[in-house]
Each structure stands twice: as C-alpha cells, then as structure tokens.
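Reviewing the structure listed below.
The values are calculated or read from the model by the stated rules, or taken from the named source; none is laboratory data. Predicted model only: the values in this text are computed from it and were never measured. Quick reminder, even Gly has a Cβ in these numbers, built from the backbone with ideal geometry, and neighbours come from all protein chains shown. Just so you know, the surface numbers come from the protein's heavy atoms only, side chains and all, with ligands and any DNA or RNA stripped out. Shrake-Rupley method; radii C 1.70, N 1.55, O 1.52, S 1.80 Å.
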Amino acid sequence: MVYNAGHFDVIVIGAGHAGVEAANAAVKRGAKTLMLTLNLDMIAFMPCNPSIGGPAKGVVVREIDALGGLMGKVIDKTYIQMRMLNTGKGPAVRALRAQADKPLYIQEMKYQLEKLENLTIRQAMVERLIVEDGVCKGVLTETNAAYYAKSVIITTGTFMRGSVIIGDLSYQSGPNNQRPSVKLSEHLEELGFELVRFKTGTPPRVNANTIDYSKTEIQPGDDKPSHFSYETTEAIVDQIPCWLTYTNEKTHQIIDDNLALSAMYSGMIKGTGPRYCPSIEDKVVRFHDKPRHQIFLEPEGRNTEEVYVQGFSTSLPEAVQHEMLRSIEGLEKAEIMRSGYAIEYDSVVPTQLWPTLEVKNIPGLFTAGQINGTSGYEEAAGQGLMAGINAAARALEIESLILDRSQAYIGVLIDDLVTKGTNEPYRLLTSRAEYRLLLRHDNADIRLTEKAYQLGLISDERYQVFQGKVALIEQEKKRLAKQTIKPSSEIDQLLNEAGGTALKEPIKALDLLKRPEVSYQLIKRLVPADDTLPEEVEEQVEIQVKYQGYIDKSNQQVDRMKKMENKVIPENIDYDAISGLATEAKQKLKKVCPLSVGQASRISGVNPADVSILLVYIEQGQIAKRTSEVEHQA
Amino acid sequence: MDLDTIAAISTPIGEGAIAIVRLSGDQAINIVNQMFKGKDLMTVDSHTLHYGKIIDPDSKTMIEEVMVSVMRAPKTFTRENVVEINCHGGLASVNRLLEMSLQLGARLAEPGEFTKRAFLNGRIDLSQAEAVMDLIRAKTDKAMGVAVKQLDGKLSKLIKRLRQELIETVAHVEVNIDYPEYDDVEEMTKNIMLEKTMLVYQEIERLLAMARQGKILREGISTAIIGRPNVGKSSLMNALVQENKAIVTDIPGTTRDVIEEYVNVRGVPLRLVDTAGIRDTEDIVEKIGVERSRQVLKEADLVLLVLNFNESLTEQDRQLFELVKDLDVIILVNKTDLPNKIDLNEVAGLAKDHAIVNMSLIEEQGIDQLEEAIARLFFAGQIESDDLSYVSNVRHIQLLKQALATLDDAMSAINADMPIDLIQIDVTRTWELLGEIVGDTVQDSLIDQLFSQFCLGK
C-alpha cells in the first residue's frame, strides 16, 4: 500500500558528493528538503581514490566553497595530507590537492548535514518518480512511501543498473558491493530518457603492514598546508605521507600473458571508459614501449591500514591482480584487502538538460553528478550544488543561477555537458577552460562571493570578511600606483640579486612589480606598507598586477564571447521554420535547445553560416516585435 | 549594436577604373584617419567627400591618392560609421589599402556581412529577411568552397604539420599542468618551447614570403623602365605592348595621370608602372629627382635599365646602376643599329651578375632575348612555379600574419621569463588561427592529442 510520507520543497535522491551539496544548497536557499539514500553509513563515500582536488578539480572545490558548499570545509577538517601542485608554474594553474581520511570524511559530512535544520535525511531506495501531466511531483520508494515535492534531484552516481566486473565474474552491484539501483533506471527509460552505458574502474587496496615502504619513495605533504575553504583557519599538523613505486617489465609481462582474461579485452565490458583513467592493462597495451608506470600508495585514512594503489586500476581476475602486485618493488608481500574491479552503469545523456540541470522534458526533475556522464567527486559536487540552488529556485520561485564559462570551472563543466554532451565519462581538465587565467584557485571568492551572498548561500559575516579583503586589495594597489621608487645602489643591488637589471629612472612601485623577477615581497621591502597585510591580500595584489596584461587579454575575449551569450534565443523558436539552416544544424539545435546564440555556436555541427542565419532570424523577430509595439501604441 | 569594424573591397576586382574599399563599424573613421593625409576625418561632417593621400603608417611612404567619403551612423547603409576609400582600379593598390585597414584593426568582412549588418541594425525591412538569409547561406557556402579550393594540397599539408607541432607542444604543457606528478612525462621547458615556436615562426614567414611572390604573379610583376632621355624607353614599352598585345587595361586615373600596362611575356605577367615619365619620354631621373626614382624603384619587382649603344656612359648612367644594384635588373643596350660608342666592358663590370641584352628597337632586334631573360629571371630563379598557388587568399594571408603576431607574443613572453602556462595561451591561439585556414577549429582535438600522446591516469 502506497502511503503519503510527506511534502517537501526539494527531494534529493542519493547522498554522494552531488547529493550532499544539492541538499545543503537547497536548504541554504530556504527550501524544506528531503535527502534519501540507500545507506546512511555511505554518505559522501569515496569509492575510488582517497583524494580531493588537483588541477581544475581543486578550483572547483574552491568554487563550491565560495558558493557556500560543504566539500572544502569537510576535507579541510579531515585531510591526512595537503599539497599545492604546479607551484613552479603560473598562478592560473596552481592546484591544491588533499589526501582524504575516507571514514572520517563520511562521518564529518554526515554530521554537517544532520545539523541542517531544514533537512530530513532518510534511508530508502527510490524506484519511481511521481510524474503528473509531464511534471515531476515526487518519488516513490520500494517500501511504498510516496514523498511529494516541487523539485526532485536525482544524484544516483554509478548505481543505475550498476554491474561490477572482475575478470570473468560479473554481478549486479553499485560501487563497493552496495545495492544497485535497477528499477529507477528502467523507470527513466520508460519516461523517455536517453541513457548510455559508461564504465569506470578502481584498483585493489592492500594492507599497509604488508608493504615494504623502504623500497619506495616518500611523498610528503606541504610543510605549511593551504586549505580549500575560505573559512578554514586551523591547519592539521600531523600529516601522513604517500609513497611512490613503479611497475616493471615483469608486471607488464604478467599483464600481457593474461590480457585475454581482462574483462576489458574479453568483450565482457561494453561501456565506454574514460581515457584519462585507463586501467593498468590499458596503459600497458597502448603504451607498450614504456618500461614502467608510476604507482602511488595512498593511505585511506588515519585509523585504517588500507592503502589505495593509485595507477593500478584493473578488471583482471583476482589471482592475476595478486601476481601483478607482487611483481612491484615494495609490494612483493602485499596482501590485497579489496580487489580492483570495473563497474558499468547507466548514465543520462546530458544534452537532455537545461543549463540549470533541470530535465527539459520533465519540469521539476533535475539530475546531477556522475549520472550525467561525468567522473570525479568534484565534478559531481559542483553539479550537485548548482542543481540544489536551481531546484530550490524552482520550488520557491526565486532567482536561479547559471554560471558561464568565464565565471567558474563549474560553468565550463555544465556548459560542456548540456551543449556538447560527452561520449566518455567527462573529467574536468584545465585545458577545457578557455579563460583559465580568470578561473584561478586564488580568486574563486572574488568571482563568486557576491553571487553567493545575493542567493543567500553564505552568511552576512562571511560576506563582510570578503568585502574587507577586497577593500584591502584595492587600497594596496592604489598605494603602489602612487609610490615612486628612485634608482639607488641599494635598489640596484636588490634587483640584481633577484636576477633583474638596474633601474634607469624613477618608477612607480606598481610598474616595477610587473617585472617578472620582482616579487611583491621585494616591493614590500622597497616601499613598506603601513600595516601588515594578510597573506591572501598580498597574493592577490601580486597576481593582479603582475599578470595584468594577460588578464586584460582574457577579459577582452570574454567580452567578445558575452556579446553572443547575451543574444537570447526565444523559448518558442521553431527551427524547422528557419529557411537556410542546414539540416544537421536544425537537428542539433532542436535537441540541445540552446538558450543563447553563444551556446548555439558551441554545438558541434552548427557552423558559422547557421549562426549568422540564426542571428538574422532572431533579429527579425525583435524587429517584428518592435514594429507591432509601435503600431499598438499608435 | 556593438560589433567590430569590418572592411572589404566592395567593387568587382580588376574591372573598372575605380575601386572602393569600404569599412563599417565604430572604428571605421578612426582606422582610415590613421592612414589618411588630408583633413582630420574625425572632425569632418557626415556624408562628405575628401581628397587626400594614403600613407603607409609604417614606412610613411605615400601609397595612393584617394577620395574618401565619411558617413556617420546611423544614416548609412549598415547604420554604423561607414568610410569608403575610392582609389584607382589597379589590384595592387586596392589590395594594399585593404591590407592596411586590416593592419590598423579592421577585420576582413565575411561574405555578405555588410548586408547582414544592415539587416541586424534594422536597415532592411522584414520582407527582405528571407533573401538576406539565402544570401548568407549561398555566399558563405560559396566562399567556403572557394577557400577550400584555393587551399592547395601542399599548403594544407604544411599548415597541418605546423599545427601538429604546435598542438604537441601545447598538449605537453597541458599534461604538465593536469598531471603534475607524472614523472614519465618530461617537463616542457621554455627552451624547447622557444625552439618549436621559432621553427613554426620561420615556416610561416616563408609562407608569407611566397605569398608575396604569388601575388606578383597574379597581379603582375611591377616593372619600371628607367634610363636617360632618348635611350628608347617608350619605344621599348611600345615594343613590349605590341609584341604581346597588352592584356588588360589602359586606365587613366581621375586624379593622377597613371597608366598601368599589363603585358604577358612568356607566361610572366608584367605590369609596367609609373608610366607618366615613360610616356612623356622625359628623363625620369631629372624630372622627379633621384629620391623619387628610388621610391619608384622600391615598389618595382623588375627594373629594365636602358642604355644607349651610340653614346658613352655618363655619370647619370652610373648613378642609375648604383640605384638598382640590389634589385632584379636587366640591362638593355639599345640602338645597336648605330655605331658603338659605349664601353661594353665597363657596362659588363657595372652590371655584375645582371643580364645584359643588346638590342635595336628600331630594327626589332633583341626583343626575344629580352623576353627570354625575363622568363629566366622569374621562372628559373627564386620563384618556384610549384609554390605559386600556395597562399593567395587575403583571408589566409591575414590569418598567417595574425599567427605570426601571436607567435611573436609567445616568444617575447618566453624571453621575459613568464610562466609556461601563460606562454602557452599564445601558442594555442596560433594553433587556432592556423586551424581557421584549414577549416579545423574543433577544440576537442587538444584533449584527444593529450590522451594519444601521453600515458595518463590513475
């Protein structure tokens, strides 16, 4: 018997990295929210590597934090190691990465959510959506509970018709032997969803006591750890190192000999796997002349001996996994605690979504995370956050939020997904962002705080702190623009030491800072500030001044893009009625339903002539409208 | 409407006494003003016509005398600022004006773009909308077809090779960024980057040099006939024209007395230029001075220096030799029907490596030898006819020039020790620009390159 289990503004199905951010964001916006999960002990579980962040992904975590999300805060409380990557390169690509304490992360995330007043958390398996007149009205669980809401977000990750494969063994399962979500997937097909089959994989975990670390290289964290959240003030002192070892010819021989047994090569797996996350057998086959591959040994937490063997993802039979591992230096006696496996799952073709992540054909329904064809915790969390913001917006009839490609990596991610789709699990890379110099780790707050405050995602207090920071940055830049540095032997010597040339004539401090070899620290010695400035203010001043030329260039590009982005395509446009559009362009445009001419121009198969025609057609409509308005007035 | 400024030649090319370069957009007046010597166009009234000279902003030399009409928004065809430069119909000068406009910040208009702007700015009424769309479709498709056809197989192969060089470099940098801990991927250093960009830079420079040569063949080798009075310059010109039946035009200009004679000498198109002096058979050196001759000669691809067999060498002759010593010159010793008074040994000494042809225009002797010398100079020498079809399209040339500029930015950033991921922005831009030439701008190919070139992933 179906019973009415309650009414909500927003229901979130799933409590992975997308689900938790969705629930949190919806609550922050004032929505009465329900979060349903298969297993309450697996909230924000990391089924793959125990790390968060890295290039592009780390910036997403910062963006999530700037928008009031949880990921940054929780990892800052639970990391075992923190490293800033790419420190030798430019500011645009600096990237923070944390090694996570997996069990602690789950615990902390669960606790953060439990504290939210307007959030109900319940363990349940959702089997169907309640769809009336084409509009999503709620969900139905396997225990016959019917929950009603104005917005529903599906964040079921890799659970939909999940299937785990190890060698020739295959069984229906979610990640880590959890229950798969079979009926929901079938139901989505009934509702007319286009689904695709993707594949990903994970390496074996071994017991730390059986590893000989003396044969490996230590990979320590930073002496002075940085943090993801703008709110974090305290660092974790006792960091735990990771370790580096390598495969060798013997390992590769074992793989070669057993390739026929690999699920990937025996034809058992039909799903498309990500190129950036290949299995070890894939690497050996595709790059056969490489004598060795790196293997990182990453502890899964402080209070566990389980170690994640990064770089060793495999779907070979368990016996072969043992043999392969033990051919590696330091792992000769390694005991596997969990075997590596491949997992296949259904995902939603993301061009079926609006940029708000609402499903085009089913108003009120949103999807976010790995279900949309992405891969990675951060990509999932970023989408979850946006779906939460927009699902609440729909339910409460308040402002929604779409980030564009110049505002955030999250904007790049979602625009790519809903505009181009993806034919493999999608991972963010810095090279996907055209304006990456604008999308830096350091300036996520400057990019997004204003918006976050406007939407009610962050507190007044935090907003004030932010405003203080911005004021200090501007003040310092003004000061440097006024201060003149005159040539002197002392200054020449300092410049000389920094590897630069002597001053010929007096120069403004701001201009001197533009020299590549001159750091803000040096400027500070030459023209000391009245008060000591916070480090992050100094950093901003340095980056903004030093790279101004490139930043200006990027901003010009953004301005050009925005012109097209601001040309809105009318909702009721009939592409078939536009003479001159190529047939392929018509089909693609009808499928993607771009919101702007800019978005339309990024669809593959829509060429410049089509874009011109579209522009003319839209303008024609505008003129018609203006004309009729004039006539009306007359 | 806020759009960039576009420019194009808006008269049919090569047909007609006058050609018009039209610019439309915010910056139209400003751009033309920067190369215009005459009234300050920024302050003139709208819908007025002005006489003046076009000056090359780099070399400060005079290019052409023109009439410029200035029409301010919104009462123009496109409802934007419009400037039209009226110049002589010759291909060379009109192309030059267009190129200079582009250099100063205008963008080459796409096919039908003036009409499109007129429409977008509400200039054309609704009933014409469909026609405009058909026009865009047709013109764009045609232009694409033409562009593809113009793309010589060799050129497209070369561009693709250069792009491959660049994308490998870029992918390498990207890998270093996205996978900082992968030690089996060698770190891309600025030295390697500089090496690669230099290589591509040189190739593009070579292409542009060939483009200039290709242009010579399409538009004619501008040929100057020089020599003292009465050595037979006009007879030579007439002989060349008659012999080869002047192909095209005799275009007396409206503001300046210029004649361009096109003749085709054994497949080499010659454009006999600055003929004012020649036609009058007056002494070009005396009339306009050595400086001016230098000017004329600077623009010439070929110089025919005529001497008199019947007179001894004069100081002026020697001066002329000095003037042309670095140019492609053929020495003609005319009037061999008269007694020899010239010191042929001295002529040979002064001529150095240049060809010498003895001729008698009155007896119609030596023309064949001259034609042979011309053909030899241009077909056996530095121009390989095979390369001539290389780059001919103005759009391609413009893109190559932009590519050169972005590479230049990249190289100066390397020298300024900027971080490699910033340098890479300009390298990627170069790759995109070259992609526009071969019609391939899919951004995803970078990601494909990344994963096929390197072994990545956890």
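Would you check if there is a residue in segment A:523-541 being buried (at least 19 other Cβ atoms within 10 Å of the Cβ) and within 14 Å of another protein chain (Cβ to nearest Cβ)? Checking segment A:523-541: not a single residue is buried (at least 19 other Cβ atoms within 10 Å of the Cβ) and within 14 Å of another protein chain (Cβ to nearest Cβ). Taking first residues from segment B:416-431 that are more than 9 Å from every other protein chain (Cβ to nearest Cβ) and partners that are among the basic types (Lys, Arg) and open to solvent by 10 Å² or more (accessible area, probe 1.4 Å), the Cβ contacts under 6 Å between residues at least 6 apart in sequence or on separate chains come to B:431/B:163.
Applying the condition of being in contact with a His (Cβ under 7 Å, 6 or more places away or on another chain) and over 17 Å from residue A:111 (Cβ atoms) to segment A:52-89 and asking which residue is most open to solvent (accessible area, probe 1.4 Å) yields A:62. All told, residue A:161 meets the bar of being surrounded by 17 or more Cβ atoms within 10 Å (Cβ to Cβ) and among the basic types (Lys, Arg).
Somewhere in segment A:251-271, is a residue under 23 Å from the mean Cα position of the chain (by Cα) and at pLDDT below 90? Checking segment A:251-271: at least one residue is under 23 Å from the mean Cα position of the chain (by Cα) and at pLDDT below 90.
Quick one: is residue B:194 aliphatic (A, V, I, L, M) and open to solvent by less than 20 Å² (accessible area, probe 1.4 Å)? It would help to see each step written out before you state the result.
On the way: aliphatic (A, V, I, L, M): yes; open to solvent by less than 20 Å² (accessible area, probe 1.4 Å): no.
No; evaluated as a whole, the condition is false for this residue.
Restrict the check to segment A:105-117 and report whether at least one residue is touching a Pro at 6+ places or on another chain (Cβ under 8 Å) and among the β-branched types (Val, Ile, Thr). No, segment A:105-117 has no match at all.
Is there a residue in segment A:378-401 that is of a type in the set (Lys, Arg), assigned to a loop (DSSP other than H, G, I, E, B) and open to solvent by 20 Å² or more (accessible area, probe 1.4 Å)? Give the steps one after another, and end with the answer.
Of the residues in segment A:378-401, the ones of a type in the set (Lys, Arg) are A:394.
Those left that are additionally assigned to a loop (DSSP other than H, G, I, E, B): none.
No, there is no match, as no residue in segment A:378-401 is of a type in the set (Lys, Arg), assigned to a loop (DSSP other than H, G, I, E, B) and open to solvent by 20 Å² or more (accessible area, probe 1.4 Å).
For segment B:162-188, residues that are touching a residue at least 24 places away in the same chain (Cβ under 8 Å), open to solvent by 20 Å² or more (accessible area, probe 1.4 Å) and assigned to a loop (DSSP other than H, G, I, E, B) total 2.
The residue list A:292, A:302 contains one member that is more than 22 Å from residue A:175 (Cβ to Cβ), open to solvent by 20 Å² or more (accessible area, probe 1.4 Å), within 14 Å of chain B (Cβ to nearest Cβ) and outside any helix (DSSP H, G or I), which is A:292. Looking only at residues in segment A:395-444 that are free of Cβ contacts under 8 Å to residues at least 12 places away in the same chain and away from chain B (no Cβ under 12 Å), the one that is farthest from residue B:175 (Cα to Cα) is A:397.
Kindly evaluate residue A:10 against the criterion of being of a type in the set (Val, Ile, Thr), over 13 Å from residue A:386 (Cα atoms) and surrounded by fewer than 24 Cβ atoms within 10 Å (Cβ to Cβ).
Numbers: of a type in the set (Val, Ile, Thr): yes; over 13 Å from residue A:386 (Cα atoms): yes; surrounded by fewer than 24 Cβ atoms within 10 Å (Cβ to Cβ): no.
Considered against the rule, which asks whether it is of a type in the set (Val, Ile, Thr), over 13 Å from residue A:386 (Cα atoms) and surrounded by fewer than 24 Cβ atoms within 10 Å (Cβ to Cβ), residue A:10 comes out as no.
Inspect all residues belonging to segment A:272-281 and state whether any of them is closer than 29 Å to residue A:213 by Cβ and in a helix (DSSP H, G or I). Yes, some residue in segment A:272-281 is closer than 29 Å to residue A:213 by Cβ and in a helix (DSSP H, G or I).
Beta carbons closer than 6 Å, at least 6 apart along the sequence or on distinct chains, pair a first residue in segment A:561-580 that is within 15 Å of residue A:415 (Cβ to Cβ) with a second that is of a type in the set (Val, Ile, Thr) for A:564/A:597.
The strands (runs of 3 or more DSSP E) found wholly in segment A:116-183 include none carrying at least 1 residues that are among the charged types (D, E, K, R) and at positive phi. Taking segment B:324-342 as the range and being without any contact (Cβ under 8 Å) to a residue 40 or more places away in the chain, open to solvent by 10 Å² or more (accessible area, probe 1.4 Å) and within 37 Å of the chain's Cα centre (by Cα) as the test, the residues that pass are B:325, B:326, B:327. Among the residues of segment A:452-470, is any open to solvent by less than 40 Å² (accessible area, probe 1.4 Å), assigned to a helix (DSSP H, G or I), in contact (Cβ under 8 Å) with a residue 24 or more places away in the chain and of a type in the set (A, V, I, L, M)? Within segment A:452-470 (the criterion being open to solvent by less than 40 Å² (accessible area, probe 1.4 Å), assigned to a helix (DSSP H, G or I), in contact (Cβ under 8 Å) with a residue 24 or more places away in the chain and of a type in the set (A, V, I, L, M)), the answer is yes, since at least one residue qualifies.
Evaluated against (1) open to solvent by 20 Å² or more (accessible area, probe 1.4 Å); (2) touching a residue at least 60 places away in the same chain (Cβ under 8 Å); (3) outside any helix (DSSP H, G or I), residue A:557 falls short on exactly one condition, (3). The set of residues in segment A:495-513 being open to solvent by 80 Å² or more (accessible area, probe 1.4 Å), at pLDDT 85 or above and in a loop (DSSP other than H, G, I, E, B) consists of A:504, A:505.
Scanning segment A:36-95 for residues that are over 17 Å from the mean Cα position of the chain (by Cα), part of a helix (DSSP H, G or I) and within 13 Å of chain B (Cβ to nearest Cβ) gives a single hit, A:91.
Going through (1) under 38 Å from the mean Cα position of the chain (by Cα); (2) β-branched (Val, Ile, Thr); (3) part of a loop (DSSP other than H, G, I, E, B) one by one, residue A:523 falls short only on (3).
Among the residues of segment B:93-102, is any assigned to a strand (DSSP E or B) and open to solvent by 20 Å² or more (accessible area, probe 1.4 Å)? Walk me through it before giving the result.
Step one: filter segment B:93-102 for residues assigned to a strand (DSSP E or B), giving none.
For segment B:93-102, residues assigned to a strand (DSSP E or B) and open to solvent by 20 Å² or more (accessible area, probe 1.4 Å): absent.
Filtered by the rule that a residue be in contact with a helix residue (DSSP H, G or I) (Cβ under 7 Å, 6 or more places away or on another chain) and either under 15 Å from residue A:23 (Cα atoms) or without any contact (Cβ under 8 Å) to a residue 40 or more places away in the chain (or both), segment A:100-121 gives A:108, A:109, A:112, A:113, A:116, A:118, A:119, A:121.
For segment A:177-192, name all the residues that are among the hydrophobic types (A, V, I, L, M, F, W, C) and touching a helix residue (DSSP H, G or I) at 6+ places or on another chain (Cβ under 7 Å). Lay out the reasoning, then the answer.
We begin by selecting, within segment A:177-192, every residue among the hydrophobic types (A, V, I, L, M, F, W, C); these are A:182, A:184, A:188, A:191.
Listed by number, the list is empty, since nothing qualifies.
Just to verify a result, which residue in segment A:577-597, among those that are more than 14 Å from chain B (Cβ to nearest Cβ) and outside any loop (DSSP other than H, G, I, E, B), is nearest to the chain's Cα centre (by Cα)? Looking at the filtered set, the residue picked out is A:592.
Please indicate, with yes or no, whether at least one residue in segment B:216-238 is surrounded by 21 or more Cβ atoms within 10 Å (Cβ to Cβ), touching an Asp or Glu at 6+ places or on another chain (Cβ under 7 Å) and at pLDDT 85 or above. No; the residues of segment B:216-238 include none that is surrounded by 21 or more Cβ atoms within 10 Å (Cβ to Cβ), touching an Asp or Glu at 6+ places or on another chain (Cβ under 7 Å) and at pLDDT 85 or above.
Selection of segment B:348-368 for residues being surrounded by fewer than 19 Cβ atoms within 10 Å (Cβ to Cβ) and farther than 24 Å from residue B:323 by Cβ yields B:360, B:362, B:363, B:364, B:365, B:368.
When only residues in segment A:366-377 that are touching a strand residue (DSSP E or B) at 6+ places or on another chain (Cβ under 7 Å) and part of a loop (DSSP other than H, G, I, E, B) count, which is surrounded by the fewest Cβ atoms within 10 Å (Cβ to Cβ)? Per the stated criteria, the residue is A:375.
Can you find even one residue in segment A:175-190 that is of a type in the set (Lys, Arg) and under 25 Å from residue A:325 (Cα atoms)? Outline the logic, then answer.
Going through segment A:175-190, the residues of a type in the set (Lys, Arg) turn out to be A:179, A:183.
Going one step further and asking which of them are under 25 Å from residue A:325 (Cα atoms), we end up with none.
No: zero hits.
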